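Input: a single structure, listed below in structure tokens.
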Amino acid sequence: MARCEVCFRHCEISEGTLGFCGARTARNGVVIPDNYGKITSIALDPIEKKPLARFYPGSNILSVGSYGCNLRCPFCQNHDISWSEQAMRFAKNANYLNPGELVEIAIELRDKGNIGIAFTYNEPLIGYEYVLDTAKLAKENGLKTAMVSNGTAELSILKKLAPYIDAMNIDLKGFTDSYYSKVLNGNRNQVMDFISTAVKTAHMEVTTLIIPDENDSEDEMRSLSAWVGSLRNPDGSGVPLHISRFFPRFHMTDRNATDVDLVYRLAEIARENVEYVYTGNC
Ligand code: SF4
């Protein structure tokens with residue numbers, strides 16, 4: 001058995017099997033990323049779509065994802081590449097791009113407004129080695145780097161990546177421990193530690209998806225936004241908060257989409273504490 005130290009689960013992985021995330025395996029007693037360079041999604045996206053509202057606004061960024069996830073959000077909007085059975089087909093079927101090939105594509109796209117590479121779509125940190133190798137090379141070539149994550153990797157992993165990542169959008173999916181542990185199978189304190197450490201070196205934006213009857217109270221938004229409002233980006237500006245509307249998806253189809261008026265009301269509450277608040281999916 002080999003123990004994985006990447007996220008809070010600390011899976012014990014026996015030779016040739018997969019950890020909880022479906023992306024890491026053990027070979028010769030060592031844990032390695034089985035999804036290294038296996039690309040399931042690639043697109044030149046507007047940076048606002050990450051979402052990053054205050055990092056090179058108006059630019060595009062080459063966005064890539066692999067497969068697997070270490071959380072179990074029942075409403076996952078990307079379940080076909082995250083944790084459904086379907087997602088695991090990519091272990092054999094994904095296209096392989098080594099870091100050099102991906103950086104080459106990013107450079108070729110500069111004349112289409114591309115500023116760099118964003119690691120997104122599935123959880124990038126479960127395959128952090130690919131992020132690290134590619135981001136290093138991207139920086140050497142004058143590209144910007146961004147990462148969209150659930151923020152549940154260990155801080156030792158963040159420390160390795162921090163010098164090479166310019167911007168992050170991290171999900172803070174709610175502000176109660178019970179929601180994180182019972183609904184998402186995750187850990188809220190770890191996400192908060194991750195965000196408050198990462199914001200020291202990278203431009204940070206935070207996203208909260210509002211799920212009816214789970215994390216949609218005004219009190220919860222008051223507490224969450226007060227915490228986000230206490231953070232400062234490296235340039236001294238406030239950390240933007242994106243409040244997004246939920247749509248029934250995947251294993252959570254027992255409720256309607258979040259009421260648009262509620263999203264706007266929660267955004268108003270957040271503005272009492274946070275300088276830049278954006279609504280999404282409305
Ligand atoms: S990254 Fe994957 S294998 Fe490693 S501890 Fe987390 S869930 Fe387990």
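Could you give me the ³J(HN,Hα) list for segment 152-162, computed from phi with Karplus coefficients 6.51, -1.76, 1.60 and θ = phi - 60°, whole Hz, x at Gly and Pro?
10, 7, 5, 5, 5, 6, 4, 4, 5, 7, 3
Equivalent ellipsoid semi-axes for segment 79-193, as square roots of 5 times the alpha carbon gyration tensor eigenvalues: give them largest first, rounded to whole Å.
On the way: eigenvalues 148, 67, 29 Å².
For segment 79-193, the semi-axes come out at 27, 18, 12 Å.
Taking θ = phi - 60°, what integer Hz values does the Karplus form 6.51 cos²θ - 1.76 cosθ + 1.60 yield along segment 10-15, in sequence order, with x for Gly and Pro?
6, 4, 9, 10, 8, 3
Between Leu262 and Asp193, what is the spin-label point distance in nm, taking each point 7 Å from the Cα along the Cα→C-beta axis?
3.2 nm
Just for the Cα atoms in the chain, what are the lengths along the principal axes, largest first, rounded to whole Å?
Reported extents, whole Å, longest axis first: 51, 42, 30.
Using the Cα centre of the chain as the reference point, and only Cβ charges (+1 on K/R, -1 on D/E), how large is the resulting charge dipole? Debye, rounded to the nearest 20.
Numbers: 29 positive and 35 negative charges, 99 e Å.
It comes to approximately 480 debye.
If you take the charge dipole of segment 87-211 about its Cα centre, with +1 on Lys and Arg Cβ and -1 on Asp and Glu Cβ, which of Phe119, Tyr96, Ala106 is farthest toward its positive end?
So the residue we want is Phe119.
In whole Å, what is the distance between the alpha-carbon centres of segment 234-264 and segment 179-220?
12 Å
Using all C-alpha to C-alpha distances in segment 139-249, build P(r) with 5 Å bins and read off the rounded percent in each one.
Reading the bins upward from 0: 2, 11, 22, 24, 18, 12, 6, 2, 1, 0.
Between Ile105 and Ser156, how many nm apart are label points set 7 Å from Cα along the C-beta direction?
3.2 nm
Using a 10 angstrom cutoff on alpha carbons, build the Gaussian network for the chain and name the most mobile of Gly16, Gly229, Gly127.
Gly16
Among the trypsin sites (Lys or Arg not before Pro) within segment 130-169, which fall in a DSSP loop and have no more than 12 other Cβ atoms within 10 Å of their own Cβ?
Working: sites: Lys136, Lys139, Lys144, Lys159, Lys160; in loops: none.
When the trypsin sites (Lys or Arg not before Pro) of segment 130-169 are filtered for loop state and at most 12 Cβ neighbours within 10 Å, nothing remains.
What residues qualify as long-range amide H neighbours of Met168, i.e. H under 5 Å apart, gap of 5 or more or another chain, H built at 1.01 Å from N?
Met147, His203, Met204, Glu205
Report, as a whole number in µm² per second, the diffusion coefficient that Stokes-Einstein gives for segment 66-143 at 4 °C and 1.567 mPa s using the Kirkwood radius over alpha carbon pairs. Each step should come with its number before you reach the end.
Details: Rh = 13.7 Å.
Rounded, D is 95 µm²/s.
Suppose the chain between His251 and Asn281 were pulled fully straight at 0.36 nm per residue; how much longer would it get relative to their current alpha carbon spacing?
Working: separation 30, 0.36 × 30 = 10.80 nm, distance 1.94 nm.
Extra length from His251 to Asn281 when fully extended: 8.9 nm.
Choose one answer from Gly116, Gly100, Gly22: the residue with the largest mean-square fluctuation in a GNM of the chain with alpha-carbon springs under 10 Å.
Looking only at Gly116, Gly100, Gly22, the biggest GNM fluctuation is shown by Gly100.
For segment 1-137, report the translational diffusion coefficient in µm²/s to the nearest whole number, using Stokes-Einstein at 4 °C, 1.567 mPa s, and a Kirkwood Rh over Cα pairs.
Numbers: Rh = 15.6 Å.
The diffusion coefficient I find is 83 µm²/s.
Roughly how many whole Å is it from the C-alpha centroid of segment 161-177 to that of segment 1-42?
21 Å
Enumerate the calculated ³J(HN,Hα) couplings along segment 76-89 in order (Karplus 6.51 cos²θ - 1.76 cosθ + 1.60, θ = phi - 60°), each rounded to whole Hz, writing x wherever the residue is Gly or Pro.
3, 7, 10, 4, 5, 10, 9, 9, 6, 4, 4, 4, 6, 5
A short reminder: the numbers here are calculations on the coordinates, not readings from a lab. As the structure is a computational prediction, the values presented were derived from the model and not from experiment. Using ideal geometry, Cβ is built from the backbone for each residue, glycine included, and neighbour counts are taken over all protein chains shown.
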